[in-house]
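The values are calculated or read from the model by the stated rules, or taken from the named source; none is laboratory data. This structure is a prediction, so every number in the text was calculated from the model and none was measured. Quick reminder, even Gly has a Cβ in these numbers, built from the backbone with ideal geometry, and neighbours come from all protein chains shown.
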Amino acid sequence: MRLFRGVPLLAALLAGVTVVGPVAPAGADTGSPAACARQDRLTVPGAAHQETACLADLTTAALAGTPYTDMADQAGLASKGTANPSGVPGIQIDGYFPDDSRLNATHGWAHDAQFVIRLPADWNGGLVVTGAPGTRRQYSTDALISDHVLAQGFPYAATDKGNTGPDFFTDGRGPGDAVAEWNHRVTELTRAARKTVRQRYGRAPERTYMTGISNAGYLTRWQLENRPELYDGGVDWEGVLWTTRGPNLLTTLPVTVARSLGRASDEDLFDAGFAPGSRFLWPYHEKAYWGLTQKIFRAEFDPAYDPHCPGATAGTTVERILAPCASDAAYDYASRPRSVHRAVERVALTGRIGKPLITLHGDLDTLLPIAADSDVYARMIDDRGRGGLHRYYTIQDGTHTDGLFDTYPDRLRPILPCYRSAFAAMRRWVEGDVAPPADRTVSRPATGDVVNTCALEGPGPAR
(Lines give C-alpha, C1' and ligand atoms only; values in the text may rest on other atoms or scores of the structure.)
Protein backbone atom coordinates (compact mmCIF):
# COMPACT_ATOMS: atom_id res chain seq x y z
CA MET A 1 0.00 0.00 0.00
CA ARG A 2 1.00 3.61 -0.20
CA LEU A 3 1.17 5.80 2.85
CA PHE A 4 1.67 8.94 0.82
CA ARG A 5 3.19 9.98 -2.49
CA GLY A 6 6.58 8.42 -3.05
CA VAL A 7 6.33 5.69 -0.39
CA PRO A 8 5.00 2.40 -1.81
CA LEU A 9 3.49 0.49 1.11
CA LEU A 10 1.24 -0.11 3.95
CA ALA A 11 -1.46 -0.46 5.51
CA ALA A 12 -1.04 -3.27 5.75
CA LEU A 13 -0.80 -3.06 6.83
CA LEU A 14 -11.15 6.30 9.34
CA ALA A 15 -23.53 25.00 10.99
CA GLY A 16 -20.98 27.12 8.98
CA VAL A 17 -20.80 24.89 5.91
CA THR A 18 -19.17 26.37 2.84
CA VAL A 19 -20.80 25.10 -0.36
CA VAL A 20 -18.98 25.63 -3.65
CA GLY A 21 -21.03 25.17 -6.82
CA PRO A 22 -20.25 22.92 -9.79
CA VAL A 23 -16.54 22.71 -10.53
CA ALA A 24 -15.28 21.34 -13.83
CA PRO A 25 -11.48 21.20 -14.11
CA ALA A 26 -9.80 20.05 -17.29
CA GLY A 27 -10.34 16.35 -17.87
CA ALA A 28 -13.60 16.11 -15.93
CA ASP A 29 -16.69 16.71 -18.06
CA THR A 30 -19.83 18.02 -16.49
CA GLY A 31 -22.86 15.78 -16.37
CA SER A 32 -26.35 16.46 -17.68
CA PRO A 33 -28.83 18.47 -15.61
CA ALA A 34 -31.00 15.35 -15.14
CA ALA A 35 -28.05 13.38 -13.79
CA CYS A 36 -27.37 16.06 -11.21
CA ALA A 37 -30.86 17.00 -10.07
CA ARG A 38 -31.05 18.71 -6.65
CA GLN A 39 -27.33 19.42 -6.71
CA ASP A 40 -27.84 22.91 -5.32
CA ARG A 41 -29.82 21.51 -2.37
CA LEU A 42 -27.20 19.08 -1.10
CA THR A 43 -25.62 19.91 2.24
CA VAL A 44 -23.68 17.18 4.02
CA PRO A 45 -24.88 17.33 7.65
CA GLY A 46 -22.08 18.26 10.04
CA ALA A 47 -19.53 19.10 7.35
CA ALA A 48 -17.37 22.18 7.89
CA HIS A 49 -16.65 22.49 4.17
CA GLN A 50 -17.90 20.88 0.97
CA GLU A 51 -17.46 21.27 -2.78
CA THR A 52 -20.02 19.83 -5.15
CA ALA A 53 -19.57 18.92 -8.82
CA CYS A 54 -21.82 17.50 -11.52
CA LEU A 55 -19.80 14.98 -13.54
CA ALA A 56 -20.42 12.96 -16.68
CA ASP A 57 -18.56 9.98 -15.18
CA LEU A 58 -17.83 9.33 -11.50
CA THR A 59 -15.43 6.42 -12.14
CA THR A 60 -11.65 6.45 -12.22
CA ALA A 61 -11.68 5.98 -16.00
CA ALA A 62 -12.75 9.61 -16.30
CA LEU A 63 -11.45 11.07 -13.03
CA ALA A 64 -7.81 9.98 -13.26
CA GLY A 65 -5.70 13.12 -13.49
CA THR A 66 -8.39 15.37 -12.00
CA PRO A 67 -8.85 16.60 -8.41
CA TYR A 68 -11.73 14.14 -8.00
CA THR A 69 -9.51 11.13 -7.31
CA ASP A 70 -5.88 10.34 -6.47
CA MET A 71 -4.42 7.47 -8.46
CA ALA A 72 -1.12 7.62 -6.55
CA ASP A 73 -2.92 6.83 -3.31
CA GLN A 74 -4.33 3.67 -4.92
CA ALA A 75 -0.94 2.31 -5.98
CA GLY A 76 -0.33 -1.37 -5.34
CA LEU A 77 -3.84 -2.28 -4.27
CA ALA A 78 -5.04 -3.88 -7.54
CA SER A 79 -3.54 -5.97 -10.29
CA LYS A 80 -2.82 -4.08 -13.51
CA GLY A 81 -5.15 -6.38 -15.41
CA THR A 82 -8.21 -5.49 -13.35
CA ALA A 83 -11.23 -4.53 -15.47
CA ASN A 84 -13.41 -1.76 -14.06
CA PRO A 85 -16.73 -0.32 -15.25
CA SER A 86 -17.11 3.29 -16.37
CA GLY A 87 -19.70 5.74 -17.63
CA VAL A 88 -21.60 6.52 -14.41
CA PRO A 89 -22.82 10.15 -14.38
CA GLY A 90 -23.76 11.90 -11.16
CA ILE A 91 -22.72 14.20 -8.36
CA GLN A 92 -19.50 14.18 -6.35
CA ILE A 93 -19.17 15.95 -3.01
CA ASP A 94 -15.76 16.48 -1.46
CA GLY A 95 -15.28 18.05 1.94
CA TYR A 96 -14.29 17.64 5.55
CA PHE A 97 -15.83 17.47 8.98
CA PRO A 98 -14.58 19.64 11.87
CA ASP A 99 -11.20 18.38 13.09
CA ASP A 100 -8.10 19.88 14.67
CA SER A 101 -5.44 17.72 12.98
CA ARG A 102 -3.76 18.62 9.69
CA LEU A 103 -2.17 15.47 8.28
CA ASN A 104 -4.22 15.25 5.06
CA ALA A 105 -3.03 17.79 2.49
CA THR A 106 -5.40 16.67 -0.30
CA HIS A 107 -6.91 19.64 -2.21
CA GLY A 108 -4.46 21.87 -0.34
CA TRP A 109 -6.84 21.90 2.62
CA ALA A 110 -4.32 20.60 5.21
CA HIS A 111 -7.30 19.31 7.12
CA ASP A 112 -8.20 15.83 8.35
CA ALA A 113 -11.61 14.13 8.42
CA GLN A 114 -11.87 14.57 4.64
CA PHE A 115 -14.52 12.59 2.79
CA VAL A 116 -15.90 11.92 -0.66
CA ILE A 117 -19.54 11.11 -1.46
CA ARG A 118 -20.58 10.05 -4.98
CA LEU A 119 -24.25 10.00 -6.00
CA PRO A 120 -24.97 8.21 -9.30
CA ALA A 121 -27.83 9.39 -11.52
CA ASP A 122 -29.43 5.93 -11.52
CA TRP A 123 -29.96 4.94 -7.89
CA ASN A 124 -30.65 1.39 -6.75
CA GLY A 125 -31.94 2.38 -3.31
CA GLY A 126 -28.77 1.55 -1.37
CA LEU A 127 -25.55 3.07 -0.02
CA VAL A 128 -21.98 1.77 0.40
CA VAL A 129 -19.62 3.21 3.04
CA THR A 130 -15.91 2.56 3.56
CA GLY A 131 -12.77 3.97 5.11
CA ALA A 132 -9.22 4.20 3.82
CA PRO A 133 -6.98 1.13 4.20
CA GLY A 134 -3.55 1.42 5.77
CA THR A 135 -2.93 5.08 6.50
CA ARG A 136 -4.09 6.23 3.07
CA ARG A 137 -6.73 8.81 2.23
CA GLN A 138 -10.31 8.98 1.02
CA TYR A 139 -9.71 8.16 -2.67
CA SER A 140 -7.59 5.05 -2.06
CA THR A 141 -10.27 2.44 -2.89
CA ASP A 142 -11.86 4.26 -5.84
CA ALA A 143 -10.79 1.56 -8.31
CA LEU A 144 -11.21 -1.33 -5.85
CA ILE A 145 -14.69 -0.46 -4.58
CA SER A 146 -16.16 2.82 -5.81
CA ASP A 147 -16.20 2.05 -9.54
CA HIS A 148 -17.82 -1.33 -9.00
CA VAL A 149 -20.60 -0.24 -6.65
CA LEU A 150 -21.36 2.97 -8.55
CA ALA A 151 -21.98 0.90 -11.69
CA GLN A 152 -24.57 -1.07 -9.70
CA GLY A 153 -26.36 2.13 -8.69
CA PHE A 154 -24.97 2.54 -5.17
CA PRO A 155 -23.95 5.92 -3.81
CA TYR A 156 -20.45 5.62 -2.37
CA ALA A 157 -18.99 7.36 0.69
CA ALA A 158 -15.39 7.13 1.93
CA THR A 159 -13.45 8.79 4.74
CA ASP A 160 -9.76 9.35 5.43
CA LYS A 161 -10.52 8.08 8.98
CA GLY A 162 -9.55 11.40 10.60
CA ASN A 163 -5.76 11.01 10.39
CA THR A 164 -3.39 9.80 7.68
CA GLY A 165 0.22 9.03 6.79
CA PRO A 166 3.05 7.44 8.80
CA ASP A 167 2.63 9.97 11.60
CA PHE A 168 -1.08 9.25 12.10
CA PHE A 169 -0.31 8.29 15.71
CA THR A 170 0.54 11.93 16.53
CA ASP A 171 -3.19 12.75 16.36
CA GLY A 172 -5.05 12.71 19.67
CA ARG A 173 -4.16 13.38 23.28
CA GLY A 174 -3.43 9.88 24.46
CA PRO A 175 -2.61 6.32 23.42
CA GLY A 176 -5.22 4.78 21.13
CA ASP A 177 -6.92 8.10 20.32
CA ALA A 178 -6.01 8.06 16.62
CA VAL A 179 -7.45 4.58 15.96
CA ALA A 180 -10.50 5.31 18.10
CA GLU A 181 -11.13 8.32 15.87
CA TRP A 182 -11.23 6.03 12.83
CA ASN A 183 -14.36 4.38 14.16
CA HIS A 184 -15.95 7.70 15.03
CA ARG A 185 -15.31 9.11 11.56
CA VAL A 186 -16.93 6.12 9.84
CA THR A 187 -20.02 6.43 12.02
CA GLU A 188 -20.10 10.18 11.39
CA LEU A 189 -19.85 9.73 7.62
CA THR A 190 -22.44 6.95 7.50
CA ARG A 191 -25.03 9.08 9.28
CA ALA A 192 -24.25 12.11 7.13
CA ALA A 193 -24.22 10.12 3.87
CA ARG A 194 -27.59 8.54 4.62
CA LYS A 195 -29.10 12.02 5.06
CA THR A 196 -27.35 13.28 1.93
CA VAL A 197 -28.79 10.37 -0.06
CA ARG A 198 -32.24 11.35 1.16
CA GLN A 199 -31.70 14.95 0.02
CA ARG A 200 -30.61 13.79 -3.43
CA TYR A 201 -33.19 11.07 -4.14
CA GLY A 202 -36.10 12.06 -1.93
CA ARG A 203 -35.92 9.12 0.49
CA ALA A 204 -33.42 7.42 2.77
CA PRO A 205 -31.47 4.37 1.56
CA GLU A 206 -33.31 1.09 1.96
CA ARG A 207 -30.06 -0.73 2.70
CA THR A 208 -26.59 0.38 3.72
CA TYR A 209 -23.47 -1.75 3.44
CA MET A 210 -20.18 -1.23 5.27
CA THR A 211 -17.07 -2.65 3.65
CA GLY A 212 -13.32 -2.28 3.35
CA ILE A 213 -9.85 -3.78 3.08
CA SER A 214 -7.16 -4.07 5.77
CA ASN A 215 -7.71 -1.27 8.32
CA ALA A 216 -11.06 -0.63 6.67
CA GLY A 217 -11.85 -4.32 7.09
CA TYR A 218 -11.28 -3.74 10.82
CA LEU A 219 -13.62 -0.75 10.61
CA THR A 220 -16.25 -2.97 8.99
CA ARG A 221 -16.00 -5.46 11.84
CA TRP A 222 -16.15 -2.73 14.48
CA GLN A 223 -19.16 -0.99 12.93
CA LEU A 224 -21.16 -4.22 12.69
CA GLU A 225 -20.32 -4.98 16.31
CA ASN A 226 -20.95 -1.50 17.72
CA ARG A 227 -23.26 0.35 15.29
CA PRO A 228 -25.29 -2.47 13.67
CA GLU A 229 -28.41 -0.30 13.48
CA LEU A 230 -26.74 1.78 10.75
CA TYR A 231 -26.09 -1.12 8.37
CA ASP A 232 -27.72 -4.08 6.70
CA GLY A 233 -24.52 -6.06 6.20
CA GLY A 234 -20.81 -5.84 5.48
CA VAL A 235 -17.91 -7.38 3.60
CA ASP A 236 -14.59 -7.51 5.43
CA TRP A 237 -11.50 -7.96 3.24
CA GLU A 238 -8.57 -8.99 5.44
CA GLY A 239 -9.50 -6.79 8.37
CA VAL A 240 -6.89 -6.06 11.02
CA LEU A 241 -7.62 -7.90 14.27
CA TRP A 242 -7.31 -5.98 17.52
CA THR A 243 -7.91 -7.93 20.71
CA THR A 244 -6.96 -6.79 24.21
CA ARG A 245 -4.93 -9.86 25.14
CA GLY A 246 -3.81 -10.64 21.60
CA PRO A 247 -3.43 -11.63 18.94
CA ASN A 248 -2.98 -8.23 17.37
CA LEU A 249 -0.32 -6.48 15.31
CA LEU A 250 1.79 -5.92 18.41
CA THR A 251 1.95 -9.66 19.11
CA THR A 252 2.66 -10.86 15.56
CA LEU A 253 5.06 -8.25 14.13
CA PRO A 254 7.91 -8.01 16.68
CA VAL A 255 9.30 -11.39 15.56
CA THR A 256 9.53 -10.07 11.99
CA VAL A 257 11.68 -7.18 13.23
CA ALA A 258 13.82 -9.64 15.15
CA ARG A 259 14.29 -11.72 12.03
CA SER A 260 15.31 -8.68 9.98
CA LEU A 261 18.02 -8.02 12.58
CA GLY A 262 19.19 -11.65 12.60
CA ARG A 263 17.67 -12.39 16.01
CA ALA A 264 14.90 -14.79 14.95
CA SER A 265 14.59 -17.76 12.62
CA ASP A 266 12.11 -18.74 9.96
CA GLU A 267 10.63 -21.20 12.46
CA ASP A 268 9.93 -18.33 14.83
CA LEU A 269 7.81 -16.66 12.12
CA PHE A 270 5.98 -19.91 11.47
CA ASP A 271 5.25 -20.18 15.19
CA ALA A 272 3.81 -16.64 15.08
CA GLY A 273 1.36 -17.69 12.37
CA PHE A 274 3.12 -16.79 9.13
CA ALA A 275 2.43 -19.36 6.43
CA PRO A 276 5.48 -21.40 5.30
CA GLY A 277 4.33 -20.93 1.70
CA SER A 278 4.64 -17.14 2.06
CA ARG A 279 8.41 -17.20 2.52
CA PHE A 280 9.03 -15.83 -1.00
CA LEU A 281 7.15 -12.67 0.02
CA TRP A 282 9.18 -12.02 3.15
CA PRO A 283 12.03 -9.96 1.61
CA TYR A 284 9.55 -7.43 0.21
CA HIS A 285 7.59 -7.20 3.45
CA GLU A 286 10.79 -6.86 5.45
CA LYS A 287 11.68 -3.76 3.44
CA ALA A 288 8.27 -2.16 3.03
CA TYR A 289 5.85 -3.32 5.73
CA TRP A 290 6.96 -5.12 8.84
CA GLY A 291 9.23 -2.70 10.69
CA LEU A 292 7.21 0.36 9.76
CA THR A 293 3.86 -1.17 10.73
CA GLN A 294 5.19 -2.38 14.08
CA LYS A 295 6.72 0.94 15.09
CA ILE A 296 3.83 3.21 14.10
CA PHE A 297 1.20 1.10 15.85
CA ARG A 298 3.45 0.60 18.86
CA ALA A 299 3.83 4.40 18.91
CA GLU A 300 0.03 4.68 18.80
CA PHE A 301 -0.71 2.33 21.69
CA ASP A 302 2.58 2.31 23.64
CA PRO A 303 4.43 5.60 23.04
CA ALA A 304 6.50 5.27 26.22
CA TYR A 305 8.24 2.08 25.03
CA ASP A 306 10.79 3.83 22.83
CA PRO A 307 9.95 7.50 22.24
CA HIS A 308 13.31 8.12 20.54
CA CYS A 309 13.01 5.74 17.61
CA PRO A 310 13.30 7.37 15.15
CA GLY A 311 12.68 10.65 16.96
CA ALA A 312 9.26 12.03 17.74
CA THR A 313 7.72 10.84 14.47
CA ALA A 314 8.00 7.91 12.10
CA GLY A 315 10.89 9.55 10.25
CA THR A 316 11.76 12.37 7.88
CA THR A 317 13.09 10.39 4.90
CA VAL A 318 11.75 7.34 3.08
CA GLU A 319 14.60 5.24 4.44
CA ARG A 320 13.95 6.30 8.04
CA ILE A 321 10.20 5.85 7.66
CA LEU A 322 10.63 2.29 6.43
CA ALA A 323 13.41 1.32 8.81
CA PRO A 324 12.43 -0.78 11.83
CA CYS A 325 13.23 0.23 15.38
CA ALA A 326 15.81 -2.18 16.78
CA SER A 327 14.06 -2.02 20.14
CA ASP A 328 10.92 -3.52 18.58
CA ALA A 329 12.69 -6.84 18.10
CA ALA A 330 12.28 -7.42 21.83
CA TYR A 331 8.81 -5.93 22.17
CA ASP A 332 6.63 -8.10 24.40
CA TYR A 333 3.03 -6.90 24.40
CA ALA A 334 1.96 -9.28 27.16
CA SER A 335 4.42 -7.75 29.63
CA ARG A 336 3.64 -4.13 28.87
CA PRO A 337 1.81 -1.97 31.46
CA ARG A 338 -1.93 -2.22 31.93
CA SER A 339 -2.28 1.25 30.39
CA VAL A 340 -1.14 -0.17 27.03
CA HIS A 341 -3.72 -2.94 27.17
CA ARG A 342 -6.43 -0.43 28.11
CA ALA A 343 -5.52 1.64 25.04
CA VAL A 344 -5.99 -1.42 22.82
CA GLU A 345 -9.14 -2.40 24.69
CA ARG A 346 -10.79 0.86 23.59
CA VAL A 347 -10.73 -0.29 19.97
CA ALA A 348 -10.71 -4.07 20.42
CA LEU A 349 -13.08 -6.40 18.63
CA THR A 350 -15.33 -8.90 20.40
CA GLY A 351 -16.94 -10.95 17.61
CA ARG A 352 -20.40 -9.78 18.67
CA ILE A 353 -21.59 -8.74 15.20
CA GLY A 354 -25.17 -7.57 14.85
CA LYS A 355 -25.63 -7.82 11.08
CA PRO A 356 -24.50 -10.25 8.35
CA LEU A 357 -20.78 -10.20 7.65
CA ILE A 358 -18.66 -11.91 4.99
CA THR A 359 -14.91 -12.15 5.66
CA LEU A 360 -12.25 -12.89 3.03
CA HIS A 361 -8.59 -13.51 3.79
CA GLY A 362 -5.68 -14.76 1.68
CA ASP A 363 -3.78 -17.75 3.04
CA LEU A 364 -0.49 -16.09 1.98
CA ASP A 365 -1.18 -12.76 3.68
CA THR A 366 2.27 -11.77 4.90
CA LEU A 367 1.29 -8.65 6.85
CA LEU A 368 -1.74 -10.06 8.66
CA PRO A 369 -1.11 -13.81 8.80
CA ILE A 370 -4.44 -15.57 8.54
CA ALA A 371 -3.79 -17.92 11.47
CA ALA A 372 -3.41 -14.96 13.83
CA ASP A 373 -6.17 -12.85 12.32
CA SER A 374 -9.32 -13.95 10.49
CA ASP A 375 -9.10 -17.55 11.72
CA VAL A 376 -9.20 -16.13 15.23
CA TYR A 377 -11.95 -13.63 14.47
CA ALA A 378 -14.16 -16.35 12.97
CA ARG A 379 -13.81 -18.33 16.22
CA MET A 380 -14.64 -15.20 18.22
CA ILE A 381 -17.86 -14.77 16.26
CA ASP A 382 -18.77 -18.41 16.81
CA ASP A 383 -18.00 -18.13 20.53
CA ARG A 384 -20.43 -15.19 20.73
CA GLY A 385 -23.16 -17.30 19.17
CA ARG A 386 -23.18 -15.15 16.02
CA GLY A 387 -21.91 -17.72 13.55
CA GLY A 388 -25.21 -17.71 11.67
CA LEU A 389 -24.50 -14.10 10.69
CA HIS A 390 -21.03 -14.86 9.34
CA ARG A 391 -19.44 -16.44 6.28
CA TYR A 392 -15.68 -16.89 6.03
CA TYR A 393 -13.76 -17.56 2.81
CA THR A 394 -10.05 -18.32 2.71
CA ILE A 395 -8.60 -17.33 -0.66
CA GLN A 396 -5.92 -19.77 -1.74
CA ASP A 397 -2.70 -17.98 -2.80
CA GLY A 398 -4.13 -14.58 -1.91
CA THR A 399 -1.92 -12.04 -0.16
CA HIS A 400 -2.48 -8.66 1.47
CA THR A 401 -2.39 -6.49 -1.64
CA ASP A 402 -3.27 -7.60 -5.15
CA GLY A 403 -0.51 -5.53 -6.74
CA LEU A 404 1.98 -8.25 -5.83
CA PHE A 405 0.21 -10.60 -8.25
CA ASP A 406 1.85 -8.72 -11.12
CA THR A 407 5.26 -9.68 -9.71
CA TYR A 408 4.32 -13.29 -8.89
CA PRO A 409 1.55 -14.31 -11.33
CA ASP A 410 2.55 -17.98 -11.03
CA ARG A 411 2.35 -18.00 -7.21
CA LEU A 412 -0.47 -15.60 -6.25
CA ARG A 413 -4.05 -14.80 -7.16
CA PRO A 414 -5.84 -11.46 -6.73
CA ILE A 415 -8.53 -11.31 -4.04
CA LEU A 416 -10.49 -8.46 -5.67
CA PRO A 417 -12.64 -10.68 -7.95
CA CYS A 418 -13.49 -12.84 -4.91
CA TYR A 419 -14.37 -9.68 -3.00
CA ARG A 420 -16.74 -8.65 -5.78
CA SER A 421 -18.34 -12.10 -5.72
CA ALA A 422 -18.65 -11.81 -1.95
CA PHE A 423 -20.33 -8.42 -2.24
CA ALA A 424 -22.84 -9.91 -4.69
CA ALA A 425 -23.41 -12.78 -2.24
CA MET A 426 -24.01 -10.27 0.56
CA ARG A 427 -26.60 -8.49 -1.55
CA ARG A 428 -28.43 -11.74 -2.23
CA TRP A 429 -28.27 -12.57 1.48
CA VAL A 430 -29.72 -9.23 2.59
CA GLU A 431 -32.00 -8.38 -0.32
CA GLY A 432 -33.13 -11.83 -1.42
CA ASP A 433 -32.78 -13.90 1.74
CA VAL A 434 -30.47 -16.30 -0.12
CA ALA A 435 -27.78 -17.63 2.20
CA PRO A 436 -24.20 -17.49 0.83
CA PRO A 437 -22.13 -20.64 0.37
CA ALA A 438 -20.82 -22.25 3.55
CA ASP A 439 -17.41 -21.27 4.93
CA ARG A 440 -14.77 -22.68 2.63
CA THR A 441 -11.36 -22.33 1.03
CA VAL A 442 -11.71 -20.83 -2.44
CA SER A 443 -9.16 -22.69 -4.56
CA ARG A 444 -7.10 -20.97 -7.19
CA PRO A 445 -8.32 -22.09 -10.63
CA ALA A 446 -5.84 -23.63 -13.03
CA THR A 447 -7.31 -21.79 -16.03
CA GLY A 448 -9.41 -18.73 -16.81
CA ASP A 449 -9.19 -15.02 -15.99
CA VAL A 450 -7.99 -15.20 -12.40
CA VAL A 451 -7.66 -11.39 -12.24
CA ASN A 452 -11.32 -10.70 -12.92
CA THR A 453 -13.31 -13.83 -12.01
CA CYS A 454 -13.84 -15.80 -8.82
CA ALA A 455 -16.54 -18.32 -7.96
CA LEU A 456 -17.16 -18.65 -4.24
CA GLU A 457 -19.09 -21.84 -4.92
CA GLY A 458 -16.26 -23.40 -6.91
CA PRO A 459 -14.02 -26.31 -5.97
CA GLY A 460 -12.40 -26.07 -2.59
CA PRO A 461 -12.68 -27.71 0.82
CA ALA A 462 -15.24 -26.60 3.38
CA ARG A 463 -13.73 -25.11 6.52
Checked against (1) of a type in the set (Val, Ile, Thr); (2) touching a helix residue (DSSP H, G or I) at 6+ places or on another chain (Cβ under 8 Å); (3) more than 30 Å from LEU412 (Cα to Cα); (4) not in a strand (DSSP E or B), THR66 satisfies every condition except (2)
Could you list all residues from segment 298-340 that are at pLDDT 95 or above, under 24 Å from the mean Cα position of the chain (by Cα) and part of a helix (DSSP H, G or I)?
ARG298, ALA299, GLU300, PHE301
Looking only at segment 399-428, how many residues end up being of a type in the set (A, V, I, L, M, F, W, C) and within 14 Å of ASP236 (Cβ to Cβ)?
6
Name the one entry in PHE423, PHE405 that is modelled with pLDDT of 95 or more, on the phi < 0 side of the Ramachandran plot, aromatic (Phe, Trp, Tyr) and out of contact with any strand residue (DSSP E or B) (no Cβ under 6 Å at 6 or more places or on another chain).
PHE405
If you check every pair at least six apart or on different chains, which have Cβ atoms under 8 Å apart with a residue in segment 376-388 that is within 22 Å of ASP363 (Cβ to Cβ) first and a residue that is among the β-branched types (Val, Ile, Thr) second?
VAL376/THR243; TYR377/THR359; ALA378/THR359; MET380/THR243; MET380/THR350; ILE381/ILE353; GLY387/ILE381
Test: residue in segment 191-202 that is β-branched (Val, Ile, Thr) and touching a helix residue (DSSP H, G or I) at 6+ places or on another chain (Cβ under 9 Å):
no
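Residue check: is VAL430 β-branched (Val, Ile, Thr) and not in a loop (DSSP other than H, G, I, E, B)?
yes
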Look through segment 74-95, keep the residues that are within 20 Å of ASP40 (Cα to Cα) and either under 20 Å from the mean Cα position of the chain (by Cα) or modelled with pLDDT under 95 (or both), and return whichever of them is surrounded by the fewest Cβ atoms within 10 Å (Cβ to Cβ).
ASP94
Looking only at segment 251-274, count every residue that is outside any loop (DSSP other than H, G, I, E, B) and either under 20 Å from SER335 (Cα atoms) or not charged (D, E, K, R) (or both) and tell me the total.
12
Counting just the residues of segment 252-273 that are crowded, with 16+ Cβ neighbours inside 10 Å and of a type in the set (S, T, N, Q), which one comes out nearest to the chain's Cα centre (by Cα)?
THR252
What's the number of the condition PRO98 fails, among (1) within 25 Å of GLU431 (Cβ to Cβ); (2) surrounded by fewer than 24 Cβ atoms within 10 Å (Cβ to Cβ)?
(1)
Residue check: is PHE154 aromatic (Phe, Trp, Tyr) and not in a loop (DSSP other than H, G, I, E, B)?
no
What are the residues in segment 283-297 that are part of a helix (DSSP H, G or I), hydroxyl-bearing (Ser, Thr, Tyr) and either crowded, with 22+ Cβ neighbours inside 10 Å or not assigned by TED's automatic domain parsing to the domain that holds ARG263 (or both), if any?
THR293
Here are some conditions: (1) more than 25 Å from the chain's Cα centre (by Cα); (2) over 30 Å from ARG413 (Cβ atoms); (3) among the basic types (Lys, Arg). ARG352 meets all but one. Which one does it not meet?
(1)
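So which of ASP122, ASP112, ASP177, ASP167 is more than 15 Å from the chain's Cα centre (by Cα) and within 20 Å of ALA48 (Cα to Cα)? Full working, then the answer.
Values: ASP122 fails: within 20 Å of ALA48 (Cα to Cα); ASP177 fails: within 20 Å of ALA48 (Cα to Cα); ASP167 fails: within 20 Å of ALA48 (Cα to Cα).
The conditions single out ASP112.
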Can you name the residue in segment 216-250 that is part of a helix (DSSP H, G or I) and of a type in the set (Ser, Thr, Tyr) and is also farthest from ASP375 (Cα to Cα) among such residues?
THR220
Can you tell me which residue is nearest to THR441 (Cα to Cα) among those in segment 351-380 that are in contact with a Gly (Cβ under 6 Å, 6 or more places away or on another chain) and assigned to a helix (DSSP H, G or I)?
ALA371
Does segment 80-102 hold any residues that are of a type in the set (Gly, Ala, Ser) and part of a loop (DSSP other than H, G, I, E, B), and which are they?
GLY81, ALA83, SER86, GLY87, SER101
Could you identify the single residue in THR447, THR441 that is assigned to a loop (DSSP other than H, G, I, E, B), assigned by TED's automatic domain parsing to the domain that holds VAL376, surrounded by fewer than 22 Cβ atoms within 10 Å (Cβ to Cβ) and not charged (D, E, K, R)?
THR447
Among the numbered criteria (1) at pLDDT below 80; (2) under 17 Å from ILE91 (Cβ atoms); (3) outside any loop (DSSP other than H, G, I, E, B), which one does PRO22 miss?
(3)
